[in-house]
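Accompanying notes for the structure given below.
Computed from the coordinates by the stated procedures, all read-outs in this text should not be read as laboratory data. If you're wondering where the values come from, they're calculated on a predicted model, not measured in any experiment. Here Cβ is always computed from backbone atoms with ideal geometry, including for glycine, and neighbour counts include all displayed protein chains.
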Amino acid sequence: MSPTDPRERTRGRAERRQSGVPEAPDTDARPGTLFGEVQDAPTAAEPAWLHEADDADRLDDPAAPVDPGTARRRAEAQASREREIVARLNPEQARAVTTTDGPVLILAGAGSGKTRVLAHRVAYLIGVKGVPPWRILAVTFTNRAAAELRERIVRLVGEAGKEVEAGTFHALCARLLRRDGEAIGLDRRFLIYDTDDQIALMKQILREEGMEAKGETRPQAILGAISRAKNDMVDPTEIPPMRIATGVLVEIARLARKYRDALRRSNALDFDDLLLMAVRLLEESPATLKRYQERWRYLHVDEYQDTNRPQYLWIKALASGHHNLAVVGDDDQSIYGWRGADIRNILDFERDWPDATVVKLEQNYRSTQLILDAAHAVVSKNEARTDKKLWTKNDRGHLIERFEAYSEEEEAEWIARRVEELSGARGSVLTRRADSGGGGYDLRDIAVLYRTNAQSRAIEESCLRYGLAYQVVGGTRFYARKEVKDTLAYLRILRSDADSVSFERVINVPARSIGDKTIEVIRAVAVREDLPYWMALERAAEEGVPELAGRARTAIADFVGLVRRLRTRVGSLALPELVDEVLERSGYRAMLADGTEEGEERWANLLELREVTTRYDDLSPDDALDRLLEETALVADQDSYESDADKLSLITMHAAKGLEFPVVFIAGMEEGLFPTNRAVEAESGFNPNPAPMEEERRLAYVGMTRAKDRLYLSHAWQRVTRRGPGGWIAEPSRFLMEIPGELMSGPRLTRAAGDGDVDATDDLGMVFGRRATRFGMPIRTERGGGGAFREGSGRPGGPRAGEAFKPTRDLAAKREAFAGGAKSGTFGRRVQAWDDADNVDASPLDQTAGHAFGRPATHRVREPRPVIPGERRYRDGDRIRHARWGDGIVVTSKLTRSDEEVTVAFSDPQVGRKTVLASLAGLDLLG
């Protein structure tokens with residue numbers, strides 16, 4: 001009798017009734033779930049052993065007496081099934097699959113086949129150990145992962161696999177609460193508020209409190225503080241007043257109480273509450289806990305390194321009855337600490353479960369050995385990790401190619417050129433030639449990874465120039481991002497009276513107390529009177545509209561006044577300055593200054609947009625605005641996402657987790673960007689905290705191990721995505737320094753063996769007036785040796801660590817060569833960034849290539865505002881104030897060629913000591 005026989009399903013239902021679990025109160029549950037009934041379905045391909053009658057009988061009554069012949073046949077059948085299940089597993093995978101009793105920690109390195117192990121482990125429990133499938137629980141983090149795991153299980157064991165309970169933490173907790181939540185006073189009909197619902201609710205609270213929903217009281221910032229407290233199992237109503245952004249104290253506790261009460265009035269739970277209430281249910285209802293412990297005898301948790309405190313407690317409670325807990329994860333891939341993940345959960349597993357078996361999956365099936373060695377060289381610098389190193393039977397592979405760009409535009413051009421060479425893509429008239437032989441890869445085989453979304457702008461534009469089809473994965477295209485579209489909409493309403501879409505997009509952004517009803521009235525007036533949208537606004541502001549109250553009329557009048565003032569500046573301000581005026585007068589800049597990482601990233605995107613506007617400086621202000629609006633509209637509508645199309649993938653490092661590509665580029669490997677400034681500052685503050693830097697290093701490891709065949713790493717010396725529109729001099733990432741030189745081609749960096757003065761005329765020693773440094777050490781380019789750099793040979797066994805290299809071109813010449821290619825009239829001219837020995841080419845340029853929207857890409861760099869030579873504004877011991885970091889004392893101050901570098905010790909220990917440029921930092925002297 002098969003486990004899918006109707007009689008077997010009847011026995012299964014009887015057992016579920018005995019355990020106190022209802023058969024099907026939730027009609028939306030999938031077949032085979034805790035709250036759904038198994039339905040007949042087309043029979044999947046099933047292994048023959050599932051149809052053996054004696055095995056089906058054994059599932060129901062394993063203690064029933066059997067004769068010796070039957071026992072022998074069962075033993076032989078069991079051995080056969082075991083051989084079939086583990087046939088294609090390596091020894092450690094097989095050990096992880098067959099170690100079924102007691103706690104098991106499966107440390108699954110990148111590309112080691114963890115999903116395969118999980119699926120085979122469940123199949124082993126069902127087919128060899130005789131465990132009823134409904135007694136097995138598998139918890140994942142995403143619906144996609146749960147669906148993939150379930151599909152693999154069904155392929156292995158057939159229809160029985162559908163009775164395995166597989167789902168995400170939030171989905172499973174929601175089901176438990178709907179079933180048993182009344183034990184803790186919860187209405188089982190509760191709503192679940194998603195992120196947008198939460199923000200809308202917090203906006204209501206802020207309006208009730210008379211607080212503006214921007215700056216330090218931006219809803220996302222407050223909700224972020226509340227969520228972090230919940231993830232730490234701290235009551236957010238007890239959080240002391242805190243500074244979210246500027247020096248203004250925000251009473252989070254009071255807002256958290258109102259938020260909690262509002263959720264209760266709405267009979268709603270947010271995502272954090274689903275986990276917290278599920279933990280509370282198991283803690284306060286022993287009968288409920290016992291029932292689920294008996295129900296699920298074998299627990300499996302995927303991506304255990306990403307669990308937070310509530311998830312950890314929920315799993316631990318369920319497993320405490322039988323200890324049959326198998327967790328799969330990799331501490332080297334723990335990259336979500338910023339959203340509550342606690343790496344200690346996986347690192348302390350053996351402390352929590354002293355009798356645990358640890359299995360390390362170190363054989364990699366994805367990458368070349370050279371890529372694995374490079375990734376290990378970076379992540380092994382972390383202190384908080386388990387000892388393991390990936391290896392593979394794959395080929396050693398190609399050297400990792402490193403490219404050093406003058407600017408982010410040059411970096412993007414190089415990436416596009418390399419992608420073109422690898423794929424043979426010739427979609428653009430700029431690059432289409434007769435000799436279009438490809439490199440053997442499809443575009444879908446290639447991914448470009450970056451740390452922040454703001455970096456994609458330059459890469460997207462290079463893709464467009466080269467005719468490379470691309471898709472932004474896990475993010476939004478640059479010109480489609482909200483803050484960019486909002487700013488462009490502001491610019492459009494300065495040019496058009498009839499653009500109703502743009503008016504309605506920004507009329508209440510930032511919030512101006514102009515609600516949906518008011519907007520509906522304005523829209524109706526425009527339609528009824530056949531007026532352009534702008535004239536309908538003016539009429540409402542000046543003459544009044546019967547349907548609008550006085551407050552709404554005042555708000556519209558303020559908006560009309562803002563637009564009129566901005567319109568007077570069109571034609572008199574250059575385009576970059578007009579953008580500044582829009583962002584400042586509209587309040588958009590203040591709205592983003594909320595101290596959150598999201599706010600900083602959105603502001604970085606606007607700095608990128610501002611940099612784009614500088615490309616039109618040779619046009620009149622009016623023509624520049626018209627050109628920008630037309631061309632950005634065409635870019636924004638370029639293409640739509642096609643999941644199975646042959647397109648290059650542009651993706652953030654976080655979104656790349658779980659994916660793999662034959663070819664991977666990682667762009668922007670610079671200090672302050674990757675690793676981030678926050679990580680650098682946390683590591684070097686008054687109270688050093690290495691955790692953020694270790695997470696950045698793990699993120700680098702994740703990015704590098706996405707590559708199967710080829711890996712390219714690049715950095716730029718000048719970038720505009722951070723620290724103001726003038727950009728900053730970007731030092732190469734320490735992660736590049738940590739990769740052994742023999743694994744890379746291209747110019748290599750090593751730590752300086754000594755210190756000393758840097759000649760201001762040297763290529764890299766002084767870049768635009770700022771002395772380049774590395775971890776506080778000068779970057780030296782001495783002509784003769786002993787410095788910090790060495791020019792790479794592009795071959796294995798190249799320069800040793802500590803040797804020096806001398807660039808063959810200084811940056812000024814490099815810039816001139818890069819820009820000059822467009823003027824030469826030479827089609828397809830190639831500019832060498834370094835000597836031929838480096839095997840690293842810059843971008844090909846001709847009369848059109850290298851142009852952004854038809855203009856030469858000259859890579860302008862604005863120097864910081866100069867100080868009077870020999871005169872410092874700040875003295876040691878001066879008391880200063882910073883808008884975000886608060887008060888501090890100047891520790892040291894020194895002049896560079898064109899600015900003043902100031903080191904400040906801030907009074908807030910979480911801020912610590914920072915070194916800034918006076919022209920960009922906005923430091924106010926205190927009396």
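Provide Trp534, Trp338, Trp296 in ascending order of the number of other Cβ atoms located within 10 Å of each residue's Cβ, fewest first.
Final ranking by Cβ density, sparse to dense: Trp338, Trp534, Trp296.
If we count other beta carbons within 10 Å of each Cβ, what is the order of Glu483, Glu900, fewest first?
Arranged by neighbour count, lowest to highest, Glu483, Glu900 become Glu483, Glu900.
Quick one: if you stick a label point 7 Å off each Cα along the C-beta vector at Ala147 and Val358, how many nm between them?
For the pair Ala147/Val358, the computed spacing is 3.7 nm.
Rounded to two decimal places and with Rh computed the Kirkwood way over Cα pairs, what is Rg over Rh for region 462-545?
Rg divided by Rh gives 1.13.
Computed on alpha carbon atoms, what radius of gyration and Dmax characterise region 549-708, expressed in Å?
Every Cα atom of region 549-708 included, Rg and Dmax give 21.3, 64 Å.
Could you work out how far the C-alpha centroid of region 450-510 sits from that of region 639-718, in angstrom?
When both Cα centres are located, 23 Å separates them.
In a shell of Cβ-Cβ distance under 14 Å around Asp101, excluding Asp101 itself, what net charge do Lys and Arg (+1) and Asp and Glu (-1) give?
Spelling it out: positives minus negatives among the neighbours equals +4.
So which of Lys203/Lys258; Lys360/Lys388; Lys393/Lys708; Lys162/Lys657; Lys393/Lys657; Lys657/Lys708 end up more than 18 Å apart, counting from Cα to Cα?
Pairs exceeding the cut-off: Lys162/Lys657; Lys393/Lys657.
Amide H neighbours of His654 under 5 Å, counting only residues 5+ apart in sequence or on other chains, H built in-plane at 1.01 Å?
Residues meeting the criterion, in which the H sits 1.01 Å from N, do not exist here.
So between Asp101 and Glu383, what do we pick up on full extension, going 0.36 nm a residue minus the alpha carbon distance?
That pair, Asp101 and Glu383, stretches by 98.4 nm at full extension.
For region 879-925, take N as its residue count and report Rg(C-alpha) divided by 2.2 N^0.38 Å.
Scaled against compact globular proteins, the figure is 1.06.
Radius of gyration and Dmax for region 353-400's Cα atoms, expressed in Å?
For region 353-400, the Cα-based Rg and Dmax read 13.2, 43 Å.
If amide hydrogens are placed 1.01 Å from N in the peptide plane, which non-local residues have theirs closer than 5 Å to the one on Ser407?
Residues meeting the criterion, in which the H sits 1.01 Å from N, are Trp717, Gln718.
By how many nm would the segment from Val501 to Ala87 lengthen if fully extended, with 0.36 nm per residue of separation less the alpha-carbon distance?
Stretched fully, the Val501-Ala87 segment lengthens by 142.9 nm.
Using amide H atoms built in the peptide plane, which far-off residues or other-chain residues are under 5 Å from Gly912 H to H?
Under 5 Å from the amide H of Gly912 lie the amide H atoms of Phe686, Phe906, each far enough along the sequence or on another chain.
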